[in-house]
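> This is the structure, below, for whatever I ask next.
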Amino acid sequence: FHKERHWFYVGCKSCCSTATPYFNPVTEEIEANKYSCYICEKNEITTSIWYKVQIKVADHTGSTSFVLFDREVILLYNSFTNLHMNLLEQQVQFNSENEIIQELMDLEGRKIA
């Protein structure tokens, strides 16, 4: 896991793209707890928190990096734990964006076929 990368993002619930803080053109300020989606071309959208984890994969021939998103992170985690992963929103409340949750760090070094 690349610890310097953010492991989640706030995204549009409709299209899953990154949501941006809403800039009110009248007040010329960013409004708290309001987001826009450039893909959906809407302001004041409903958001969700999504996984976005960069991993490094290696074998005897070399290594490469991949970015795993929500579904893939949950499938990877569940394949090792048999637990339903409903930790993201809880962890976001207690960790900064730069701290990868321990449950994901526990997957480091695992061999997967």
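The values are calculated or read from the model by the stated rules, or taken from the named source; none is laboratory data. Predicted model only: the values in this text are computed from it and were never measured. As a convention, Cβ positions derive from the backbone with ideal geometry for all residues, glycine included, and neighbour counts pool all protein chains shown. With ligands, DNA and RNA removed, areas are computed over all heavy atoms of the protein, side chains included. Shrake-Rupley method; radii C 1.70, N 1.55, O 1.52, S 1.80 Å.
> Are any residues in region 17-62 at positive phi and open to solvent by 40 Å² or more (accessible area, probe 1.4 Å), and if so, which ones?
Residues satisfying the conditions are 28, 33, 41, 44.
> Considering each residue of region 43-71, count those that are in contact with a strand residue (DSSP E or B) (Cβ under 7 Å, 6 or more places away or on another chain) and farther than 30 Å from residue 110 by Cα, and give that number.
Of the residues in that region, 4 qualify.
> Which pairs do you get when a residue that is closer than 19 Å to residue 9 by Cα, found in region 19-41, comes within reach of a residue that is aliphatic (A, V, I, L, M) and in a strand (DSSP E or B), reach meaning Cβ atoms under 6 angstrom, with the pair 6+ apart or on two chains?
Cβ pairs passing all conditions: 19/10; 21/30; 23/30.
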